[in-house]
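For reference, the structure discussed in these notes is given below.
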Amino acid sequence: MAIEIRNVEKTFGAFTALGGVSLDVRSGELLALLGPSGSGKTTLLRIIAGLDHADAGEVSFDGQDTRDRAARDRQVGFVFQHYALFRHMTVFDNVAFGLRVKRKAERPAEMDIRRRVDQLLTMVQLSHLATRYPSQLSGGQRQRVALARALAIEPKVLLLDEPFGALDAKVRKDLRKWLRHLHDDMNITSIFVTHDQEEALELADRVVVMNHGQIIQVGTPTEVYDTPADSFVFDFLGGVNRLNGVVDRGVARLDGHPVRVDGEVGAEGPALIYVRPHQVELGVAPADGVPEGKWSARVSMVHAAGPVARVELDLAGRALEAQLSRDRLSDLALEVGSWCTVDFRHARVFPAKA
Amino acid sequence: MTAAASTSGSAAPRRGRGFLAPTILPGFGTAFGFTLFYLCLIVLIPLGHMVLVAAGVGWTKFWAITLAPRVLHAFYISFGCALVAALVNAVFGLIVAWVLVRYRFPGRRIIDAMVDLPFALPTSVAGIALTAIYAPNGWVGAFAKAAGFKIAFTPIGIVIALVFVGLPFIVRTVEPVLQDLDAEVEEAAASLGATRWQTFTKVLLPAILPALLTGIALAFARGVGEYGSVIFIAGNIPAVSEIVPLLIVARLEQYDYAGATVIATAMLGLSFLMLLGINFLQRWTRSRHAR
Amino acid sequence: MPADPHSRRPAVGEGPLTRVALIGLAILFLAAFLALPLAAVFSQALAKGVGAFMKGLTDPDALQAVKLTLTVALIAVPLNLVFGVAASWAIAKFQFQGKSLLLALIDLPFSVSPVISGLVYVLLFGLHGSLGPWLRDQGVQIIFAVPGVVLATVFVTFPFVARELIPLMQEQGVEDEEAAIVLGASGWQTFRLVTLPNIRWGLLYGVLLCNARAMGEFGAVSVVSGHIRGKTNTMPLHVEILYNEYNFVAAFAVASLLALLALVTLAAKAALEWRFADQIAAAKR
């Protein structure tokens, strides 16, 4: 099911949660709403589900306005951040709930309910825990019960609020992969909210970056990562080095040397040069000075645990972080106090804020 | 919140380490000693002594006294009226708690404070006030008389007094549970297609039920032993509207110490059973709802 | 997510009609069962005018009853306060075996009929009681005298302060106290400078409830007092005597004084809950 969101506004007292948001959700896609807390992403999700009313604007499902459809009539599967499992019901009864509260005419026979719930529990790999209560489950298991429960009503759209927020790192990774497979199998239009850029980039077909109640950028993970719309997106989507430079006659310069820049250079004057740590290239400093167009820096710290090494550098008084493979690190033979050359493979320039 | 909240529960994992778990805080001996001394002096010795006196009466006489028709009827009235009142309170107390927790309306704070009136108002004051209202010449009693029935001086009057006395127990037990209910759970039910009524009966009520049962038990226990607010409105007609506590007082005034003691001990025994029940309920609630 | 109390109708919840009906039902029920009796007390007290009302209040026996009620509360409340602090210190700050049994025993007086609370002392100290003859020989009278009234009051108000303090102190934990001890404070200093400031509002709350019950107790006191006018009559007992003598105006006049006390207690309690909700929160749970 496709969802069109047009100029949706929502305020809570003096706080603007959504300031006129428009978005098209394509049928069958897995969409991430990504943003810091307070950016309005959860509010948008709740408005789609009918759990909150928009102050203005409209949300339509396949072209039909949803204004007068209560949450219970929307056929929206909602997975809550803290799962909201019914504590006094077993796992089985939790999953069966949506089927058992259907109007008599639409309610499946108890036999069919059983079969359907068993199917769902098999799918989320929890058949063996059907008679347990939520308090007896781990976080990851509760998450999967909540998902099975939402899927039981055969929703046209699946909404997930911070689906992995309350889980520890290891479980989070596994569930992420599993959810992606599940989505590929079932093909339900799905939207999930997250503040974790890694999660959004890894899992989603498209990512919607939000800030201060506005949508800043919509695009595939590659698009938003490689061509961020502005400095906020650049900043939010991963580690970054921000260096004070200048734009002089159309060329960005750092300490006088020109910087290779993707896209617009922008207005003349002071500018911020954004470089991701893995776009920083280090080289062995030659004995007789520094080659043209390169900078030299002193190593202040080396973190060599894990597959990727991080090197902290001092570039003419600025802190700079570089990421490189362990092999490259040993080739360069860098250690604290040694000098190296620095270059930037890709950089973006944004005007410096006053 | 704090670590202590979880470790302060009863069965701490201290097996085999002696009576007191190691601590650097001083004053346990003094505080514990005084607590135990005072508890024994004021409560345990006098109560235990009464049970001993009752035991001294002898088994045959004990049953002869408790099973006398007038006594049995008093038990029937006391327990029956307390149960009816507790159930009335269960319905209205739940509504009051619901309204106080969930809705914002003018006067809510005052109403919230007023719920505790039965705790604060001396029982004899409540008793004469209720009698003044429900006696045949009272504000409400006159209407009842015109309609051809009596409220005061019948078991109905006793129930009314016990509803008054028991109300805060239900409201104050249910309120915190209603407050702690996760709004997400109701939203989950709604998004799964449940009507409001289905959400209430299938999701909310089961969550409230343990607290509601505890509240009913507390109101019931209080109602069984209640004296001051009941004796005025009850009329105390033997075998009609006579309650057990009044019977005890009557025996005492006739210097029938054995009778008073036996009846009191029987009642204490029943109260103990109820206390056990309440404890069991609370334990069950906690184990069921532990996150 | 900031919640907005002024938002229009929430998307999930009862409809406006159900809300109004439920609020109406609750108010009607409370009006019938709480407001009506309260109104009855004051209207009956003033039924024969202010003169009769004042006469009922200024009667020497009534004044004596007020004095006795205050005296009894002044003895019973501090006793139970000291007990409450000691018990909650032992129970909340230490782990020991049999704690839940001790907790249940402290709650015991709540589940004992007030009449039985009086009876247990009659059986011990009454003329026909186990210690009665011996006490008489010593020239000490407890039952049908002020000491009996005090004892019965102490019994029924026994758990109030402890009940408020134990959950509060349990929630607060022991870290503050341990820090004070580690910093070199003595036990008494720790209690006075660290524990007491943390629990003072909960303590006041407990004292308030304890006092209300102490001044208002009827059943237990009724059994031990002997109803001797001008001697062992507390206010609630005096109300009963006047009422039974068909002196309704005077009975309700004294009752209105007690009702006023109840209202003041409720107001103070509400004020405490309103201002120091977080500091007595545990007790309210």
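When the stretch A:209-230 is examined, which residues are found to be assigned to a strand (DSSP E or B) and touching a Lys or Arg at 6+ places or on another chain (Cβ under 8 Å)? Working first, answer last.
If we filter the stretch A:209-230 for residues that are assigned to a strand (DSSP E or B), which is where we start, we get A:209-211, A:214-219.
A:M210, A:V218, A:G219 - these are the residues of the stretch A:209-230 that are assigned to a strand (DSSP E or B) and touching a Lys or Arg at 6+ places or on another chain (Cβ under 8 Å).
Taking the stretch B:53-67 as the range and being within 24 Å of B:A221 (Cβ to Cβ) and surrounded by 14 or more Cβ atoms within 10 Å (Cβ to Cβ) as the test, the residues that pass are B:V53, B:A54, B:F62, B:I65, B:T66. The single condition from (1) of a type in the set (F, W, Y); (2) over 25 Å from B:L275 (Cα atoms); (3) surrounded by 21 or more Cβ atoms within 10 Å (Cβ to Cβ) that C:W134 fails is (3). Remark: pairs (first residue in the stretch A:78-91, facing chain B (nearest Cβ under 8 Å); second residue part of a strand (DSSP E or B); Cβ separation under 7 Å; 6+ apart in sequence or on different chains) = A:F78/A:L159; A:F80/A:D161; A:Q81/A:D161. Candidates are the residues of the stretch A:151-204 that are among the β-branched types (V, I, T), part of a strand (DSSP E or B) and out of contact with any Phe, Trp or Tyr (no Cβ under 8 Å at 6 or more places or on another chain); the one that is surrounded by the fewest Cβ atoms within 10 Å (Cβ to Cβ) is A:T189.
Just one of C:L28, C:L57, C:L46, C:L70 is modelled with pLDDT under 90, more than 30 Å from C:E171 (Cα to Cα) and either open to solvent by 40 Å² or more (accessible area, probe 1.4 Å) or among the basic types (K, R) (or both); which is it? Full working, then the answer.
Details: C:L28 fails: modelled with pLDDT under 90; C:L57 fails: either open to solvent by 40 Å² or more (accessible area, probe 1.4 Å) or among the basic types (K, R) (or both); C:L70 fails: modelled with pLDDT under 90.
Exactly one of C:L28, C:L57, C:L46, C:L70 is modelled with pLDDT under 90, more than 30 Å from C:E171 (Cα to Cα) and either open to solvent by 40 Å² or more (accessible area, probe 1.4 Å) or among the basic types (K, R) (or both), namely C:L46.
With respect to (1) under 30 Å from B:S271 (Cα atoms); (2) in a helix (DSSP H, G or I), the lone exception for C:I181 is condition (1).
Select from the stretch A:49-58 the residues that are aliphatic (A, V, I, L, M) and either open to solvent by 10 Å² or more (accessible area, probe 1.4 Å) or in contact with a Leu (Cβ under 6 Å, 6 or more places away or on another chain) (or both) and list them in ascending order. Spell out how you get there, then give the answer.
Here is the first cut: in the stretch A:49-58, the ones aliphatic (A, V, I, L, M) are A:49, A:51, A:54, A:56.
Matches in the stretch A:49-58: A:A49, A:A54, A:A56.
For the stretch A:266-283, a residue qualifies if it is of a type outside the set (F, W, Y), buried (at least 17 other Cβ atoms within 10 Å of the Cβ) and either more than 24 Å from A:V308 (Cα to Cα) or within 28 Å of the chain's Cα centre (by Cα) (or both), and the qualifying residues are A:G266, A:A271, A:L272, A:I273, A:V275, A:R276, A:P277, A:H278, A:Q279, A:V280.
Cβ-Cβ distances below 8 Å connect the following pairs, each with a first residue in the stretch A:200-216 that is under 16 Å from A:D230 (Cβ atoms), a second residue that is acidic (D, E), and a separation of six or more residues or different chains: A:I216/A:D230.
Considering B:A142, B:A132, B:A120, which residue is more than 18 Å from the chain's Cα centre (by Cα) and either within 7 Å of chain C (Cβ to nearest Cβ) or aromatic (F, W, Y) (or both)?
Just a single option satisfies the conditions, and that option is B:A132.
If you filter the stretch B:68-86 down to residues that are of a type in the set (A, V, I, L, M, F, W, C) and surrounded by fewer than 17 Cβ atoms within 10 Å (Cβ to Cβ), you find that the one that is nearest to the chain's Cα centre (by Cα) is B:L72. Could you list, in sequence order, the residues of the stretch C:210-253 that are among the polar types (S, T, N, Q), open to solvent by less than 30 Å² (accessible area, probe 1.4 Å) and not in a helix (DSSP H, G or I)? C:T232, C:N233, C:T234 - these are the residues of the stretch C:210-253 that are among the polar types (S, T, N, Q), open to solvent by less than 30 Å² (accessible area, probe 1.4 Å) and not in a helix (DSSP H, G or I).
Condition check ((1) within 10 Å of another protein chain (Cβ to nearest Cβ); (2) in contact (Cβ under 8 Å) with a residue 60 or more places away in the chain; (3) more than 28 Å from B:W98 (Cα to Cα)) across all residues:
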position	(1), (2), (3)
B:T154	no, yes, yes
B:L162	no, yes, no
B:E184	yes, no, no
B:R196	yes, no, no
B:L209	yes, no, no
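Considering the stretch B:153-184, and only residues there that are part of a loop (DSSP other than H, G, I, E, B) and on the phi < 0 side of the Ramachandran plot, the residue that is surrounded by the most Cβ atoms within 10 Å (Cβ to Cβ) turns out to be B:T154.
Can we say C:L108 is open to solvent by 40 Å² or more (accessible area, probe 1.4 Å), more than 22 Å from C:H227 (Cβ to Cβ) and within 25 Å of the chain's Cα centre (by Cα)?
Details: open to solvent by 40 Å² or more (accessible area, probe 1.4 Å): no; more than 22 Å from C:H227 (Cβ to Cβ): yes; within 25 Å of the chain's Cα centre (by Cα): yes.
It is false that C:L108 is open to solvent by 40 Å² or more (accessible area, probe 1.4 Å), more than 22 Å from C:H227 (Cβ to Cβ) and within 25 Å of the chain's Cα centre (by Cα).
Write out, first by first residue and then by second, each pair whose Cβ atoms fall under 8 Å of each other, whose residues are 6+ apart or on separate chains, and whose first residue, in the stretch A:29-48, is farther than 17 Å from A:V76 by Cβ and touching a residue at least 12 places away in the same chain (Cβ under 8 Å) while the second is of a type in the set (G, A, S) and part of a loop (DSSP other than H, G, I, E, B). Partner pairs satisfying both residue conditions: A:A32/A:A204; A:S39/A:G213; A:G40/A:G213. When B:G277 is tested against (1) closer than 17 Å to B:T123 by Cα; (2) more than 10 Å from chain C (Cβ to nearest Cβ); (3) part of a helix (DSSP H, G or I); (4) not basic (K, R), just one condition goes unmet, and that condition is (1).
Can you name the condition, by its number, that C:H128 falls short on among (1) at the interface with another protein chain (Cβ under 10 Å from one of its Cβ atoms); (2) assigned to a helix (DSSP H, G or I); (3) open to solvent by 40 Å² or more (accessible area, probe 1.4 Å); (4) within 23 Å of C:N233 (Cα to Cα)? So the condition that C:H128 fails would be (2).
Checking the conditions here, which among C:F96, C:F29 is aromatic (F, W, Y) and either farther than 27 Å from C:T157 by Cβ or more than 9 Å from chain B (Cβ to nearest Cβ) (or both)? Working first, answer last.
Details: C:F96 fails: either farther than 27 Å from C:T157 by Cβ or more than 9 Å from chain B (Cβ to nearest Cβ) (or both).
Checking each option against the conditions leaves just C:F29.
Residues in the stretch B:203-234 that are touching an Asp or Glu at 6+ places or on another chain (Cβ under 9 Å) and closer than 20 Å to B:Y134 by Cβ were compared, and the one that is surrounded by the fewest Cβ atoms within 10 Å (Cβ to Cβ) is B:A234.
The values are calculated or read from the model by the stated rules, or taken from the named source; none is laboratory data. Since we're looking at a predicted model, the values are computed, not measured. Cβ: placed from backbone, ideal geometry, glycine included. Neighbour counts: every protein chain shown. Note: areas computed on protein heavy atoms with side chains; ligands, DNA, RNA excluded. Shrake-Rupley method; radii C 1.70, N 1.55, O 1.52, S 1.80 Å.
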